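Read-outs throughout are calculated quantities, based only on the coordinates presented, and are distinct from any laboratory measurement. What you see is a predicted model; the values in this text were computed from it and never measured. Here the Cβ is made from the backbone with ideal geometry for all residues, glycine too, and neighbour counts use every protein chain on show.
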Amino acid sequence: MELVVAWIHQTAPDALATVLAELSRPKRPFRLYHVCGSRAWKNPPVVYVPKTCAYHRVILGFVCEGEEARWLTNREIADGVIRAIRQQTAQGIVGQVEPWERRPTY
């Protein structure tokens, strides 16, 4: 079974549908790990998944350190996505998404 990791930003709204259409053409099963920003916690994207796709969502959160909050590092993101792939859960969160009001704004 093929494994696909797709981190597509909201600036390319049709990209995921295009990727799914292309991957489903050979009618072979594949697993898709859709990496999403923290906003997907509050407003999950609607994804139309073909029958050949096992869809998984990975939401990237943030890290609270004392009174400060920061976005995840590249290493934390990579480690979290790898962990989600190994666990094969329907939805995983890297870092934290709550408390939402602590989310960094920069």
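Observations, loosely collected:
- Short-range pairs are left out: with C-alpha atoms under 8 Å and at least six residues apart, the relative contact order of region 2-102 is 25 percent.
- 3J(HN,Hα) along region 61-66, derived from phi through the Karplus expression 6.51 cos²θ - 1.76 cosθ + 1.60 where θ = phi - 60°, amounts to x, 8, 10, 9, 10, x Hz, with x in place of Gly and Pro.
- Loop chymotrypsin sites (Phe, Trp or Tyr not before Pro), region 1-96, which have at most 15 other Cβ atoms in a 10 Å radius of their Cβ (DSSP): TYR48
- Summarised in one figure, the compactness ratio Rg/Rh of the chain, Cα atoms and Kirkwood Rh, is 1.00.
- Scanning the chain for trypsin sites (Lys or Arg not before Pro) lying in DSSP loops with no more than 13 further Cβ atoms inside 10 Å, the longest uninterrupted stretch between such sites is 52-106.
- When HIS34, HIS9 are arranged by Cβ crowding within 10 Å, least crowded first, meaning fewest neighbours, the order is HIS9, HIS34.
- Local electrostatic count, PRO45, Cβ distance below 11 Å [Lys/Arg +1, Asp/Glu -1]: +2
- Set against the 2.2 N^0.38 Å expectation for a compact globular protein, region 12-55 has a Cα radius of gyration ratio of 1.21.
- Summed residue charge, Cβ within 12 Å of GLY92's Cβ, Lys/Arg positive, Asp/Glu negative: +2
- In the chain, the calculated helix contribution to ellipticity at 222 nm averages -7500 deg cm²/dmol per residue, counting -39,500 (n - 2.57) for every DSSP H run with n ≥ 4.
- Length released on extending from ASN43 to TYR55, taking residue separation times 0.36 nm less the Cα-Cα span: 2.6 nm
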